[in-house]
Amino acid sequence: MNIMLIEDALALIEEGSMRGAAERRNVTQPAFSRRIATLENWLGVKLVERLANKVEIKDELLNRQDEFRSLLKKMDSLKGEYTSPIKSLKIGTQHTLASSVFPEIYSQISKYKFIDKIRLRTRNQDEIISQFLKYEIDLAITYHAKNTPMPPFNDSVLQKIWRRDSLVPVVGGDLRFSLNEKQELPINTAILCYPPESEFGKILEDTGAYLELTNENPRLLETGFAAGMKELIKLGTGIGWVPQSLARDDIQRGDLLVLSQSYGRIPLDVVLTSHEQNRIGKNVITRLITDSL
């Protein structure tokens with residue numbers, strides 16, 4: 001089947017009419033209509049209802065447009081692997097991982113001769129997974145909490161654990177010196193939180209991490225950026241949970257004090273994900289895991 005017919009179908013959806021889509025595709029309206037009919041015959045289903053003065057786009061086409069777009073992206077990616085002189089690797093990762101774990105991954109990837117260019121996109125985890133499923137990125141780097149189920153991918157997806165991490169409760173500033181003999185904070189210590197819809201927010205709520213503190217602890221601040229939260233905690237504004245990899249240097253200098261003995265820690269995995277048929281993404285994961293052994 002000519003991939004051009006898929007492009008015709010998407011043009012019809014976006015223009016909303018045979019005339020507009022035909023003009024956009026630089027063909028006559030009758031020729032465009034015949035091409036849509038060819039696609040209908042190949043699929044074995046009607047995509048449009050041809051009325052007297054207009055066409056009505058059927059749900060059979062509207063409901064599958066995301067799959068059509070995904071197919072085009074996959075075909076473009078496949079063609080690019082053979083024709084493009086620049087072998088580009090598109091990586092999607094969470095904001096926190098971009099500043100904590102990604103630099104060590106980049107230091108390895110930058111040595112691989114089969115990659116000429118790296119494009120990094122930082123989003124929240126739901127957006128990264130969405131882009132991955134649409135074949136818009138070659139490699140996803142995400143956090144996964146051990147007590148939560150992995151995304152329901154099938155055998156066409158390759159996933160490997162790059163390294164271990166954990167969410168740890170930390171305090172800074174004068175709060176470091178206000179602990180009692182059990183290494184517990186005053187009951188009115190403020191909590192710095194992540195939005196409940198964010199990945200860290202969901203993990204902390206699901207694991208009951210906040211329950212270790214009393215109901216008298218006010219929730220002072222809500223932010224989705226762990227790096228910003230870490231800096232506020234260093235000022236002594238309250239207690240918050242941050243990835244240990246992100247806070248490692250501050251902990252070693254003594255600017256942040258880890259209170260895992262009193263309030264626990266939440267194990268995390270840094271997971272590498274690619275489609276099995278994505279040659280460059282799969283090769284990167286294989287090399288990273290092999291090099292780390």
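The values are calculated or read from the model by the stated rules, or taken from the named source; none is laboratory data. Remember, predicted model here, so these are calculated numbers, not experimental data. Using ideal geometry, Cβ is built from the backbone for each residue, glycine included, and neighbour counts are taken over all protein chains shown.
Residue 276 satisfies every condition listed in (1) touching a residue at least 40 places away in the same chain (Cβ under 8 Å); (2) crowded, with 16+ Cβ neighbours inside 10 Å; (3) in contact with a strand residue (DSSP E or B) (Cβ under 7 Å, 6 or more places away or on another chain) except (2).
Can you name the helices (runs of 4 or more DSSP H) wholly within the stretch 224-289 that have at least 3 residues being within 27 Å of the chain's Cα centre (by Cα) and not aromatic (Phe, Trp, Tyr)?
Where helices (runs of 4 or more DSSP H) fall fully within the stretch 224-289 and carry at least 3 residues being within 27 Å of the chain's Cα centre (by Cα) and not aromatic (Phe, Trp, Tyr), they are 226-234, 244-253.
Being free of Cβ contacts under 8 Å to residues at least 24 places away in the same chain, part of a helix (DSSP H, G or I) and under 27 Å from residue 278 (Cβ atoms) is a property that does not hold for residue 60. All conditions in (1) in a helix (DSSP H, G or I); (2) within 30 Å of residue 66 (Cβ to Cβ); (3) touching a residue at least 40 places away in the same chain (Cβ under 8 Å); (4) not hydroxyl-bearing (Ser, Thr, Tyr) hold for residue 160, with the sole exception of (1).
Selection of the stretch 14-46 for residues being buried (at least 16 other Cβ atoms within 10 Å of the Cβ) and in contact (Cβ under 8 Å) with a residue 40 or more places away in the chain yields an empty set.
In the stretch 125-162, the qualifying residues are those that are β-branched (Val, Ile, Thr) and under 16 Å from residue 280 (Cβ atoms), and the one that is modelled with the lowest pLDDT is 157. When the criteria are applied in full, residue 56 meets the requirement of being modelled with pLDDT of 85 or more, over 19 Å from the mean Cα position of the chain (by Cα) and charged (D, E, K, R). Sub-8 Å Cβ pairs linking a first residue in the stretch 113-131 that is under 9 Å from residue 93 (Cβ atoms) and not assigned by TED's automatic domain parsing to the domain that holds residue 275 to a second residue that is surrounded by fewer than 16 Cβ atoms within 10 Å (Cβ to Cβ) and at pLDDT below 85, at least 6 apart or interchain, number zero.
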